[in-house]
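Engineer: Once you've had a glance at the structure underneath, I'll fire off some questions.
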Amino acid sequence: MPVTVRIPTPLRTLTQGKDEVAVDAGSVRAIIDNLEKNFPGLRDRLCDEKGVRRFVNIYANDEDIRFLQNLDTILKEGESLSIVPAIAGGS
């Protein structure tokens, strides 16, 4: 069973409207590489030359990868990865 990646609404145009995709288990970096191979343009929306973009949050099983091993965080089969764009607002 692969890793389930939850795709936020703004990125679903790149995944043919899919809200979840299955990707082979491995590091978050490898998962993003796999996503890029299948859905070109996704990596640029998630990462820049420094790593995960500031306005993007990525959770491995409900844990922010910034507090784990960041892009080197390992996910096993059956686990989940959630991509959550940062939301700002207020008055």
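Read-outs: derived from the displayed coordinates by stated rules, not from any lab. Given the structure is predicted, the values throughout are model-derived calculations rather than measurements. Positions of Cβ are generated from backbone atoms using ideal geometry, with glycine treated the same way; all protein chains shown enter the neighbour counts.
Engineer: Give, as a single signed number, the net charge of other residues whose beta carbon lies under 12 Å from the beta carbon of Arg53, with Lys and Arg counted +1 and Asp and Glu -1.
Structural biologist: +2
Engineer: Kindly put Ile87, Ile32 in sequence by how many other C-beta atoms sit within 10 Å of each C-beta, fewest to most.
Structural biologist: Ile87, Ile32
Engineer: What net charge do the residues around Leu75 carry, taking every other residue with its C-beta under 13 Å from that of Leu75, with Lys and Arg at +1 and Asp and Glu at -1?
Structural biologist: Residues close to Leu75 contribute a combined charge of -3.
Engineer: Which order do peptides 2-12, 47-57 fall in by mean Cβ count within 10 Å, highest first?
Structural biologist: 2-12, 47-57
Engineer: Length gain on complete extension for the stretch Glu79 to Asp24, per 0.36 nm per residue less the alpha carbon to alpha carbon distance?
Structural biologist: My answer for the length gained is 18.7 nm.
Engineer: Ranked by Cβ crowding within 10 angstrom, fewest neighbours first, how are Glu63, Glu36 ordered?
Structural biologist: The most exposed by this proxy come first: Glu63, Glu36.
Engineer: Can you list the equivalent-ellipsoid semi-axes of the chain, largest first and in whole Å, using the square root of 5 times each Cα gyration tensor eigenvalue?
Structural biologist: 19, 16, 13
Engineer: Using modelled backbone amide H atoms (1.01 Å from N, in-plane), which distant-in-sequence or interchain residues come within less than 5 Å of Ile7's amide H?
Structural biologist: Glu20, Val21
Engineer: Further, regarding this structure: If I model a spin label at Phe67 and Ala86 as a point 7 Å from the Cα along the Cα→Cβ vector, what separation in nanometres do I get?
Structural biologist: For the pair Phe67/Ala86, the computed spacing is 1.6 nm.
Engineer: Assuming 0.36 nm per residue, please report the length gained on full extension of the stretch Thr9 to Asp48 beyond their Cα-Cα distance.
Structural biologist: So the chain would gain 12.0 nm between Thr9 and Asp48.
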